[in-house]
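Take a look at the structure set out below.
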Amino acid sequence: MNKEYNFLEIEKKWQDVWEQEKAFAASNQEDGRPTFFGLVEFPYPSGDGLHVGHMRAFSGLEVVARKRRLQGYNVLFPIGWDAFGLPTENFAIKNKVHPRIVTDKNISNFLRQCKSVGFGFDYDRQVDTTKSGYYKWTQWIFVKLFEKGLAYKDTTTVNFCDACAVVLANEDCQGGQCDRCGTAVVQKEKSVWFLKIRDYAERLLQGLDTVDYTERMKREQRNWIGKSEGLQFKFAVVADQAKSTPTMSKSKTKGVKNVAVAGAPSTSTKTATPKKVGNFEVYTTRPDTIFGVSFCVLAPEHPLLASLAGQITNKKELDAYANECKKKSEFERLNALDKTKTGVQVQGIFAVHPLTKKQIPLFVADYVMMSYGTGAVMAVPAHDGRDNEFAKKFGLPILQVVQTADPKDTASKDGTLCNSDFLDGMSVLQAKAKMIEYATKHKWGKAKTDYKMKDWAFNRQRYWGEPIPIVDCPKCGFVAVPTKDLPLMLPHLDDFAPGADGQSPLSRIESFVHCSCPQCGGKAKRETDTMPQWAGSSWYFLRYMSPNFEGGVVDKVAYKKWGQVDWYNGGMEHVTRHLIYSRFWNLFLYDIGVVTHPEPYKKRTAQGLILGEDGEKMSKSRGNVVSPDTIVKQYGADVLRLFVLFIGDYEKAAPWQSGGINGCVRFLHRIWALGQNLDDSVDISHIDVNECIAKVDSDIEQNKFNTAIATLMTLLNQMGQKTTRRLYGDFVKMLYPFAPHIAEELWQVCGYQGRLPQAGFAQADYVLTAQKTIQIPVQIGGKLKGTVSVLFDSTQAQVKQAILQDPSLSAHLQGVQIKKEIFVPNRIFNFIVG
RNA sequence: GCCCGAGUGACGGAAUGGUAGACGCACGGGACUUAAAAUCCCGAGGAGGCAACUCCGUGCCGGUUCGAGUCCGGCCCCGGGCACCA
């Protein structure tokens, strides 16, 4: 071999070979090989193409997949396109091109880029969520959810993005801003389809104990699900006798009994027995503090206010306050610098404490949310920061009921109960349990588990999505489109801009809207909203197993072969979005017998972002985006692949440094040059090859690609100008997962047998021809004084002898009293002196 | 406010409680060259010293240990997640 390293030529050559050979095709046949299913998040094919961040995201499992192939695995490493969604639609509207055309163009560009860096995806298994053969099954899953009562339509207050003109799920607007465009989300009353993900909250939580996700991911998901345990109970509401007339109108509230509350309220000076006019429920996680309740707070939109309008004497004032609150967007409420409590007392009625029977004032305040718990809270100002702030502002009593070691630490949960009747002296934990038991026994409350996670708002008022396969029949109500009629095709449309009135573009197509009811055959109308982008991505990993299967979501034989994803890598931003949704859908498919694993992914890791050279997140508006095309053209695919992994810790963000690329370029050139100097007479006994192989092997398994590459660089440095054929071959094998083009070429031009992936991974069975010598640090009195050169695995006596024979070291020991010797084999020798 | 993660050379980053700074970049010196680029060799945490060597060094303060970047306690700062969640 006497050729220059020409990456353009080599990379083209091997990419063609791989394509012709279908080198990365997974086999659904049973052939005795172990299987590996590696999954990367399928990209959204935007018009901007892939950026180097995608490259890094894919490169991690690409390396693992290539290594598995060397190790003889049958590898499923697929790629696909999450192609429905707003950016394409917006681009289409702006440029007056159909989203289908935009999508196809973007996909072919993404595909070109993936192939140009030599990613070993199984390109024959591509899935595209916008193809009817795919979304047929997305719709089918929705129909099943509907049939099982897990999809329902409800008119309620939902998150809405004015700029995108769509309803958003909670997961779509974390932090109060629209995920897509950053606009502050507002609350709007809408009729919306929901999926009952809350019904799965507990199982989604429990399932986390059975999977290998990083602790951080599990924590974020647990946090998002937001389980809490406490007591839910009723407060009776009585009319204020002083203000209401004896002939006051009867309450229209259901279940209200006009029965006097037993026992006169001790604080009340009124002589007449107060009339019970209603009740409301509260939820608390601190039932132990119930004796410290000095008022209650309702959310501004709490239904009690409407139902007791007759008794409430300041209804107008309350309505005005509620209107004020509505105007504030969620974003404003979260980010307001001025978070001082506001509220209005409800005049004309009082709540009755269930234990002390005292009448306590009732307030309306926007720090209580209608969407969590019962929309009403018992306020314990001594032991809750928000209640405390409110009580101070409105001059309400603050009753301490938990004594803590530090008197200032009122929120502490390690205190002892006081001023609390039969709870006095108990710990917080004991008192909680006692109170729940007491309330249950006396039938005025019950233990309750609540979750912060909300049901999944599922429809979008846009064109470029899966049509929701539901028919609204005046006689039968909502009826699902029968399976035989799926897919419900997304009709072609020339004007796909959203309606000004927040209506879906599909509602303008008469022929689509008007249909006959699948149940009674009568005239009916179709649902015209489409599904969110998360729908298609919630089950795509299943489709890869049998991408063209027409008989269902996944072919049972293929599922049996691949089952769970062995290793899924993606971004942290999807942990409380896509990852939760897809775990939910998979669990549902498990319940209806489509799949047999309750959890879709055995293991999940996340890559860090590649930041721009300025240390900021890469974005077009900042102008700091690096395109892989430029790097591939200038330095080659292998250099790019190496560099995105060498740049830093794979799981942490790292800034792009164009200067650093040179290191990877030189590395490959030096490898190439060394290949021309193979000589089996070279002594390699100074190189611990076994250790290098073991290190590269284990580093790859732990996403520590930067140190795996560093180990290869060190090994190359140690080999110097000449090395043996065997060692060089093993080096090329280890290089293969990272830089496969040059590795395949070197394997061939250096005359090794066979082809690379079949050649196996490097075997760590080198026989050390010379005994290994190591340097052991010597400490005297805890201070490092030097090192001593000894054979590996020397005994304490041997090392000590070597130290005493070393003049500079033994000089340090002259005239000192050695009290103790600490010897850690192959690590350290430490003399403790007196 | 609550919960995480991190803080190491000019820079990206390495270090099962055992020689801090692997590997790389940038840098300095040298070789090759008419010259430059490329390549190769050498150097390099800081301070002092001709030198051998000495002292100081992983955000700050304290502790445990023969020995701490690593473990513990208390801060500071940065990044992330959740957030009037009852």
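The values are calculated or read from the model by the stated rules, or taken from the named source; none is laboratory data. Just so you know, these numbers come straight off a predicted model, no measurement behind them. Here the Cβ is made from the backbone with ideal geometry for all residues, glycine too, and neighbour counts use every protein chain on show. These area figures cover heavy atoms from the full protein model, side chains too; ligands, DNA and RNA do not enter into them. Shrake-Rupley method; radii C 1.70, N 1.55, O 1.52, S 1.80 Å.
Near the amide H of residue A:82, within less than 5 Å, lie the amide hydrogens of A:44, all on another chain or at least 5 residues away, with H placed in the peptide plane. Of the chymotrypsin sites (Phe, Trp or Tyr not before Pro) found in region A:574-654, no site is in coil according to DSSP while having at most 15 other Cβ atoms within 10 Å of its Cβ.
Rounded to the nearest whole Hz, the Karplus-based 3J(HN,Hα) values (6.51 cos²θ - 1.76 cosθ + 1.60, θ = phi - 60°) of region A:568-575 follow the sequence 10, 10, x, x, 5, 5, 9, 4, with x at glycine and proline. Quick one: check the C-alpha center-to-center distance for region A:567-628 versus region A:804-823, whole angstrom. Here the answer is 58 Å between Cα centres. Amide H to amide H distances under 5 Å link residue A:786 with A:778, where only residues 5 or more positions off or on other chains count and H is placed in the peptide plane. The modelled label-to-label distance for the pair residue A:19/residue A:95, using points 7 Å beyond Cα in the direction of Cβ, is 2.3 nm.
Ranking A:152, A:183, A:363 by Cα position along the charge dipole of chain A, where only Lys, Arg, Asp and Glu carry charges on their C-beta atoms, puts A:363 farthest toward the positive end.
Considering the options A:753, A:473, A:296, tell which one lies farthest towards the positive end of the dipole of chain A, charges being +1 on Lys and Arg and -1 on Asp and Glu at the Cβ, about the Cα centre. Of the listed residues, the answer is A:296. For residue A:812, the accessible area of its heavy atoms, probed at 1.4 Å with every protein chain present, is near 80 square angstrom.
Counting only DSSP H runs of at least 4 residues, each contributing -39500 (n - 2.57), and dividing by the residue count of chain A, the helix-based mean residue ellipticity at 222 nm comes to -10000 deg cm²/dmol.
A simple spin-label model places the labels of residue A:183 and residue A:773 7.4 nm from each other, with each point 7 Å out along Cα-to-Cβ. Listed by chain and number, the aspartates and glutamates whose alpha-carbon sits under 14 Å from that of residue A:561, ignoring those within fewer than 8 places in the same chain, are A:30, A:31.
Farthest toward the positive end of the dipole of region A:529-648, out of A:531, A:558, A:585, is the Cα of A:558, where the dipole comes from beta carbon charges about the Cα centre.
Just report the Cα centroid separation between region A:181-239 and region A:136-164, whole Å. With region A:181-239 and region A:136-164 each reduced to a Cα centre, they are spaced 17 Å. Using the 1.4 Å probe convention, the accessible area of chain A works out to 45 Å² per residue with neighbouring protein chains retained. Listed by chain and number, the lysines whose alpha-carbon sits under 17 Å from that of residue A:441, ignoring those within fewer than 8 places in the same chain, are A:234, A:432. In terms of accessible area, using a 1.4 Å probe and ignoring ligands and nucleic acids, A:131, A:603, A:218, A:316 rank largest first as A:316, A:131, A:603, A:218. Report the paramagnetic label zone for residue A:503: residues of region A:514-529 whose backbone N is under 15 Å from a point 7 Å from Cα along the Cα-to-Cβ axis. Residues passing the 15 Å test: A:514-515, A:525-529. Residues whose amide H lies under 5 Å from that of residue A:227, counting only those 5 or more places away or on a different chain, are A:452; hydrogens are built 1.01 Å from N in the peptide plane. With every protein chain left in place and a probe of 1.4 Å, what is the accessible surface of residue A:516, to the nearest 10 Å²? Estimated to the nearest 10 Å², residue A:516 gives 70 Å². Here the gap between residue A:573 and residue A:422, fully extended at 0.36 nm per residue and compared with their Cα-Cα distance, gives a gain of 49.5 nm. For region A:135-193, the ratio of Cα radius of gyration to the globular rule of thumb 2.2 N^0.38 Å stands at 1.30.
Spacing of the modelled spin labels on residue A:676 and residue A:112, each 7 Å from Cα toward Cβ, amounts to 3.5 nm.
Scalar couplings 3J(HN,Hα) for region A:510-516, obtained by applying the Karplus form with A = 6.51, B = -1.76, C = 1.60 to θ = phi - 60°, are 4, 5, 7, 5, 7, 8, 9 Hz; x denotes Gly and Pro. Using a 1.4 angstrom probe on heavy atoms only, work out the carbon and sulfur share of the accessible area of chain A in %. Answer for chain A is 51 percent, counting heavy atoms of protein chains only. Axis of helix A:578-591 versus longest Cα principal axis of chain A: the two differ by about 80°, to the nearest ten degrees. Which distance in Å, rounded to a whole number, links the C-alpha centroids of region A:438-512 and region A:710-761? Using only Cα atoms to place each centre, the spacing works out to 56 Å.
For residue A:784, the accessible area of its heavy atoms, probed at 1.4 Å with every protein chain present, is near 120 square angstrom. Going by accessible surface with a 1.4 Å probe and the largest first, A:641, A:725, A:666 read A:666, A:725, A:641. Past the 32 Å Cα-Cα mark, which pairs from A:560/A:620; A:454/A:620; A:602/A:772; A:452/A:484; A:560/A:652; A:94/A:188? Pairs exceeding the cut-off: A:560/A:620; A:454/A:620; A:602/A:772; A:452/A:484; A:560/A:652. Across region A:163-172, coupling constants 3J(HN,Hα) worked out from phi with the 6.51/-1.76/1.60 Karplus curve, θ = phi - 60°, read 5, 8, 6, 9, 6, 10, 6, 4, 5, 8 Hz, and Gly and Pro carry x.
Panel note: the C-alpha atoms of region A:761-815, placed on their principal axes, show extents of 54, 19, 16 Å (largest first). Counting only residues at least eight positions apart within a chain, or on another chain, the lysines with an alpha carbon under 19 Å from that of residue A:3 are A:12, A:13, A:722.
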